[in-house]
Structures are given as C-alpha cells and as structure tokens.
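Student: Pasting a structure here, questions to come.
Read the figures in this text as sums done on the coordinates, not as results from a lab. Since the structure is predicted, the reported quantities are computational estimates derived from the model, not experimental observations. So basically every Cβ, Gly included, is an ideal-geometry build from the backbone, and we count neighbours across all protein chains shown.
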Amino acid sequence: MAQIYERVALIGLGLIAGSMALAIRRNGLAGEVTGYARTEATRETARRIALVDRVCDTAVEAVKGADLVVLCVPPGAMGAVARDIGPHLKPGATVTDVGSVKQAVISAVGPHLGPEIHFVPGHPLAGTEHSGPESGFATLFVNRWCILTPEAHTERAAVENLTALWQGMGANVDEMDAEHHDLVLAVTSHTPHLIAYTMVGVADDLRRVTDSEVIKYSASGFRDFTRIAASDPTMWRDVFLTNKDATLEVLGRFTEELFALQRAIRQGDGELLFDYFTRTRAIRRGIIEAGQDTAAPDFGRVGPKS
Ligand code: NAP
C-alpha cells in the first residue's frame, strides 16, 4: 500500500495508538511513526516491544516535524495535550484524535491549534476491554467504521489523506457532524456500556448469588456484560462526563422502555413482550447483515482480544 504521511506522531500509547502503529507499519502507510505516553513505564514498554519507530520523552519532541498527529489519550486529557503541543506543530500539519466523544474534544482541542493546522476529529468504532501498549493488534480496525467529523471549512485534502490512512488500516470511513456523532454513539455504545456497568454492579450486590455462581453460570448473557463492564474506568468516566446530554437523553428513553417492560411482566402481558423481542431480533439481524458481527454461536468470540 502507498505511503500516505512522511511522519505520524501518536500521543498516548495504549490500545488504539498501539493498534494504529502496528497497522500503519504492516501496511506501509507512513515513513516514520513517533510516539509519546505520559508515564515512563508505558514508554519503556513501548520501546521494549518496538511499538513505534521512535518513543519520545515529551509530546513536543514527538510532534516535531510530524505531518499527522493523532491524539490517543482519554477524552478528558485531550485539551491539556493539545495545549502543550499546539505551538510546536509543523505548519500545514493535520491533527486528529480517536476520542469516543466528539463535541467536547473539539471544544477542548480546537482553541489550541493555529489557523495553519488542519483539525480533522475522528473516532474509530473498534476496541476491546483491554488497555495499554501491549493490547494493540494490527487488525483491530479491519472492517470497522471510523467516523470523521470535520467542519465544513476544513481543507478537503487533509480529510482525504486521513480517510486514506484509515482505509489503509482496513476501516470504512464515514463523515458526519460532531453533534450527530455524539447522539449515535450514545445509543450504540455509551448507554449500553452504562447498562452493562449497572448490571454487573447489581449482580455484585445480590448477596443470594454467590461469586462462584456468578462466574460459573455466566455464559447466559451475563458474560458479555462483564466483558463490557471491564472496560477502562478512566476512559468511560470521561465518556459520560463529556457526552452528558446525549447519554442522559438516551438513558431517559431507556428508563421509560424498561418501565413499560416491567409493567408488562407484572401484568402478564406476553403479547407485548413477544412483539418487543421480535422487533429487537430484527435489529440483531440487521447488524449481522451489515457485517458488524457474526451469527456464530457466542458471537464467534473465542480469544481474549474479541
Ligand atoms: P489506553 O489503552 O488506556 O491508553 C491511553 C493512553 O493515554 C496511555 O498511553 C496513557 O499513558 C495516555 N494518557 C492517559 N492519561 C493521560 C494524560 N492525562 N496525559 C497524557 N497521556 C495520557 O486507552 P485507549 O483504549 O487506547 O483509548 C484512547 C482513546 O481512544 C480514548 O480517547 C478513547 O475514548 C478512544 N477509543 C477507545 C476505544 C476502546 O475501546 N478502548 C475505542 C475507540 C476509541 P500512560 O499509560 O503513560 O498513563
């Protein structure tokens, strides 16, 4: 595959940055990849496993001369990172991010970037519950969506190069405005995560169900909740703090539906339950038809990196 950028800087060296580094290398998409992480321990690990070509001790050093800078830190840390690197970016460089929330990240990062910088916010819809530099893998983005939320005035060439990078890593790319992104993700990701966190918390509270029973019989649905609820606490705290309005909107609707189902169960309204579950089953079929999951038993999830 053709090289798209001469130099790419990854700020933050966790699951997403690590996977990008491996995918960029595997597909020959950049001449050099530099990287920076906050702690010495993470930088050392990244050096040991040669995750990127050059691990730098400061973010400023990592972005020096970079054509593309990718912010791969938790949403709540993006603003501070942008403030640090803003004055040191190469004129004409593109800055993007991979944050799960877009409006709050744009408000936090945008003011620190000069007029000669192209800011193209992004969000790959791919991940696992694992964190850190050793959790990345080159195929994480294959056949997954990456949403870009550029503003109307953003230079198209910058958007197109970034699109080519994501496509080079195997992703499908879509564009939408940041507000719409945050609502879509509140429905498809953020609220489901909150429900999973709650369900696992509830099971933990049910003293009549012992720990060993929860683990032993977890295959029946609960196991997927525990997988989701094992996701990184920092990132998910930031997601809910920064996508507050959309999440509360969806959560309000969820609570209403939950009460309706609760009433149907109490009143023995089997018809309502059956119709409801028939509708939701059709949504599952749609997801499989769109290639976003597999119809295999247990969702085809066999390894730890599912
Ligand atoms: P991760 O594995 O936990 O890695 C986060 C990285 O950010 C680490 O290198 C960490 O450095 C660094 N970092 C944390 N706090 C920082 C701070 N205050 N200042 C500077 N650096 C800091 O996280 P991840 O899963 O790759 O997520 C990174 C971003 O991708 C987040 O914005 C998240 O919303 C987004 N995202 C995640 C997923 C997912 O499923 N995980 C999916 C799509 C998008 P140290 O290790 O040195 O602390």
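Student: Residues being in a helix (DSSP H, G or I) and within 16 Å of the ligand (Cβ to nearest atom): count how many of those fall in the range 1-27.
Tutor: Result for the range 1-27: 10.
Student: For the condition surrounded by fewer than 20 Cβ atoms within 10 Å (Cβ to Cβ) and under 20 Å from the mean Cα position of the chain (by Cα), what is the one hit in Ala80, Ala104?
Tutor: Just one listed residue meets the conditions, Ala80.
Student: From (1) crowded, with 23+ Cβ neighbours inside 10 Å; (2) in a helix (DSSP H, G or I); (3) more than 13 Å from the ligand (Cβ to nearest atom), pick out the condition that doesn't hold for Ala66.
Tutor: (2)
Student: Pull up the range 28-45, narrow it to residues that are touching an Asp or Glu at 6+ places or on another chain (Cβ under 9 Å) and part of a helix (DSSP H, G or I), then point me to the one that is farthest from Leu13 (Cα to Cα).
Tutor: Glu40
Student: For the range 114-132, what are the residues that are surrounded by fewer than 18 Cβ atoms within 10 Å (Cβ to Cβ) and free of Cβ contacts under 8 Å to residues at least 40 places away in the same chain?
Tutor: Those that are surrounded by fewer than 18 Cβ atoms within 10 Å (Cβ to Cβ) and free of Cβ contacts under 8 Å to residues at least 40 places away in the same chain: Gly114, Pro115, Glu116.
Student: Just checking, how many residues over the range 107-130 are β-branched (Val, Ile, Thr) and either assigned to a helix (DSSP H, G or I) or closer than 16 Å to Glu179 by Cα (or both)?
Tutor: 2
Student: What are the pairs, 6+ residues apart or on separate chains, where a residue within the range 86-107 that is free of Cβ contacts under 8 Å to residues at least 60 places away in the same chain and closer than 26 Å to Leu140 by Cα has its Cβ under 8 Å from a residue that is among the acidic types (Asp, Glu) and more than 15 Å from the ligand (Cβ to nearest atom)?
Tutor: Pairs that qualify, where the first residue is free of Cβ contacts under 8 Å to residues at least 60 places away in the same chain and closer than 26 Å to Leu140 by Cα and the partner is among the acidic types (Asp, Glu) and more than 15 Å from the ligand (Cβ to nearest atom), are Ala93/Asp67.
Student: When the residues of the range 73-106 are narrowed to those that are more than 11 Å from the ligand (Cβ to nearest atom) and assigned to a loop (DSSP other than H, G, I, E, B), which ends up nearest to Ala164 (Cα to Cα)?
Tutor: Looking at residues that are more than 11 Å from the ligand (Cβ to nearest atom) and assigned to a loop (DSSP other than H, G, I, E, B), I get Ala93.
Student: Can you name every residue in the range 152-179 that is assigned to a loop (DSSP other than H, G, I, E, B) and over 22 Å from Pro74 (Cα atoms)?
Tutor: Residues satisfying the conditions are Ala152, His153, Thr154, Glu155, Gly170.
Student: Which one is farthest from Thr128 (Cα to Cα) among residues in the range 1-53 that are among the polar types (S, T, N, Q) and in contact (Cβ under 8 Å) with a residue 12 or more places away in the chain?
Tutor: Of everything passing the filter in the range 1-53, Gln3 is farthest from Thr128 (Cα to Cα).
Student: Quick one: in the range 35-57, which of the residues that are among the polar types (S, T, N, Q) and over 21 Å from the mean Cα position of the chain (by Cα) is nearest to the ligand (Cβ to nearest atom)?
Tutor: Looking at residues that are among the polar types (S, T, N, Q) and over 21 Å from the mean Cα position of the chain (by Cα), I get Thr39.
Student: Looking only at the range 256-279, count every residue that is exposed (fewer than 10 other Cβ atoms within 10 Å of the Cβ) and β-branched (Val, Ile, Thr) and tell me the total.
Tutor: Total satisfying the criteria: 1.
Student: Still on this structure, I have one more. Looking at the range 223-291, what helices (runs of 4 or more DSSP H) fall wholly within it and have at least 2 residues that are within 16 Å of the ligand (Cβ to nearest atom) and not acidic (Asp, Glu)?
Tutor: Hits in the range 223-291: 233-242, 244-267.
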